[in-house]
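Undergrad: My structure is below; once you've seen it, I'll send some questions.
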Amino acid sequence: CRRLLPHAPTPVPTSSPTCPPATFTDACLPLPYIESITPSSGRDTGGFVVRVDGFNLEDGAVKCIFGSEEVSGTFVSDTQVTCVAPSVVLSSERESVDFLITIDEEGTFNSVPFEYFGLCPSTAC
């Protein structure tokens, strides 16, 4: 039995370019879909857990990508993974990056914004 994406756009993309849209078999799986992340912002020092809620998540080599920074993640269930946010160097006091995950090197259907903010104003540190 394959899980359909209840809140995803139609047609649902699949894991292979040779699969027709919204066709699900063992060879044509729906792509992982991120519904939300909690928290959706955090300090530039990183080190805090980010919970990813979504659909079609599978147990495998989970990676969380915060802009250009990639960290390992942990599979929790078919609707949740977690990861620890990496530290980043900001060029301004607040920066938004695209957040996405990969499972076994395969990307997600979508990305969501994650915002980093500095511990103190750049002029004071």
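The values are calculated or read from the model by the stated rules, or taken from the named source; none is laboratory data. No experiment lies behind these values; they were computed from the predicted model shown. Note that we place each Cβ from the backbone using ideal geometry, even for glycine, and neighbour counts take in every protein chain shown.
Undergrad: Within segment 41-84, take every residue that is within 10 Å of the chain's Cα centre (by Cα) and β-branched (Val, Ile, Thr) and give me the one that is nearest to Phe117 (Cα to Cα).
TA: By that ranking, first place goes to Val50.
Undergrad: Kindly provide the set of residues from segment 54-66 that are buried (at least 16 other Cβ atoms within 10 Å of the Cβ) and of a type outside the set (Lys, Arg), ordered by number.
TA: Within segment 54-66, Gly54, Phe55, Asn56, Leu57, Val62, Cys64, Ile65, Phe66 meet the criteria.
Undergrad: So which strands (runs of 3 or more DSSP E) stay within segment 33-85 end to end and still have 1 or more residues that are closer than 14 Å to Glu106 by Cβ? Don't jump to the end; show me each part of the working.
TA: Details: elements: 33-38, 41-43, 49-55, 62-66, 69-77, 80-84.
Hits in segment 33-85: 33-38, 49-55, 62-66, 69-77, 80-84.
Undergrad: Six or more apart or on different chains, Cβ under 7 Å: which pairs go from a residue in segment 32-44 that's farther than 19 Å from Ser68 by Cα to one that's polar (S, T, N, Q) and surrounded by 14 or more Cβ atoms within 10 Å (Cβ to Cβ)? Could you list them?
TA: Filtered contacts from segment 32-44: Pro32/Asn56; Pro32/Thr108; Tyr33/Asn56; Tyr33/Thr108; Tyr33/Asn110.
Undergrad: What pairs come up if the first residue lies in segment 89-104 and is at pLDDT below 90 and surrounded by fewer than 17 Cβ atoms within 10 Å (Cβ to Cβ), the second is assigned to a loop (DSSP other than H, G, I, E, B) and of a type in the set (A, V, I, L, M), and their beta carbons are under 7 Å apart, counting only those six or more places apart or on different chains?
TA: Asp104/Ala61
Undergrad: Still on this structure, I have one more. Filter segment 105-125 for residues that are modelled with pLDDT under 95 and among the hydroxyl-bearing types (Ser, Thr, Tyr) and give the result.
TA: Within segment 105-125, Thr108, Ser111, Ser122, Thr123 meet the criteria.
Undergrad: Filter segment 89-112 down to the residues that are part of a loop (DSSP other than H, G, I, E, B) and touching an Asp or Glu at 6+ places or on another chain (Cβ under 6 Å), then identify the one that is farthest from Glu35 (Cα to Cα).
TA: Leu90
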